[in-house]
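The values are calculated or read from the model by the stated rules, or taken from the named source; none is laboratory data. Everything quoted here is computed from the prediction, not taken from an experiment. All Cβ positions, even for glycine, are placed from backbone atoms using ideal geometry, and neighbour counts span all protein chains on display. For the accessible areas, the whole protein counts, side chains as well, though only heavy atoms, and no ligand, DNA or RNA atoms are used. Shrake-Rupley method; radii C 1.70, N 1.55, O 1.52, S 1.80 Å.
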Amino acid sequence: TGAVTRRWALPADVFGEGLAAPDTRLIVLTWRSGTAFVLDRSTLGPGPVLRYDGEGWGLCDDGTTLIQSDGTALLTRRDRRTFAPLGTITVRDGTVPVTRLNELECVGGAVYANVWQRSDVARIDPATGAVTAWIDASALVPAPARADPDAVLNGIAHDPADGTFLLTGKRWDVLYRVRFEP
């Protein structure tokens, strides 16, 4: 229904970005403060605050590790418990690095990433960093948003109940439920 059932507010001095939901927790990245907030998934009660270097753009859980984007072409694998970095991989389309990797979603052994200021979603092989498909979401950009350069595709989530993806954007007043097809 979209009704709010629980609410938690970030501190006013930080900007929230990516979010992953490993086990019973939510981990909320911040853009530039190098801080990730851990919340209880059921109650939104606060847990430990995690620190990291660089920017936080997107975060997903592949069931074994967390994968984080920072606005570059790098994806960083992180330990699910400690948030310690375990290694990085460069995302490439052929030989060209794909920069501005933003929000992430781990699904079926792939990482889906929207690319900041584009209407595309990249499907990435997390073992090699290769882009294995591009999803063109340009038809979803609402008409009023087309004139606003900041109203871009900026959110992706997966609903395992029916295999669909939810896509939205900055300054969009709509959320689309879509199915990616070959």
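Quick notes
- Highest to lowest packing among 87-93, 1-7, 135-141, scored as the average C-beta count within 10 Å: 87-93, 135-141, 1-7
- If R0 equals 22 Å, the separation of the Cβ atoms of Asp150 and Phe180 corresponds to a calculated FRET efficiency of about 0.30.
- Rh by Kirkwood over Cα pairs, then Stokes-Einstein D for the stretch 42-85 at 1.567 mPa s and 4 °C, µm²/s: 113
- Heavy-atom accessible surface of the chain: percent carbon and sulfur, 1.4 Å: 53
- Alpha carbon centroid spacing (whole Å) that separates the stretch 54-106 from the stretch 119-163: 16
- Within the chain, DSSP assigns beta bridges of which about 100% are antiparallel (rounded to the nearest 5).
- Sites Asp13 and Arg100, calculated FRET efficiency, Cβ-Cβ separation with R0 22 Å, nearest 0.05: 0.35
- The phi torsions of the stretch 147-156, fed into the Karplus equation with coefficients 6.51, -1.76 and 1.60 and a -60° offset, translate into couplings of 8, 9, x, 8, 8, 10, 3, 7, x, 9 Hz, rounded to whole numbers, with Gly and Pro shown as x.
- Once backbone amide H atoms are built at 1.01 Å from N, Ala137 has Asp120, Val121 as its partners under 5 Å, excluding neighbours fewer than 5 places away on the same chain.
- Judged by the gyration tensor of its Cα atoms, with axes a ≥ b ≥ c, the stretch 21-114 is prolate; a/c meets the 1.5 cut and a/b is the larger of a/b and b/c.
- Cα radius of gyration and Dmax for the chain (Å): 15.8, 45
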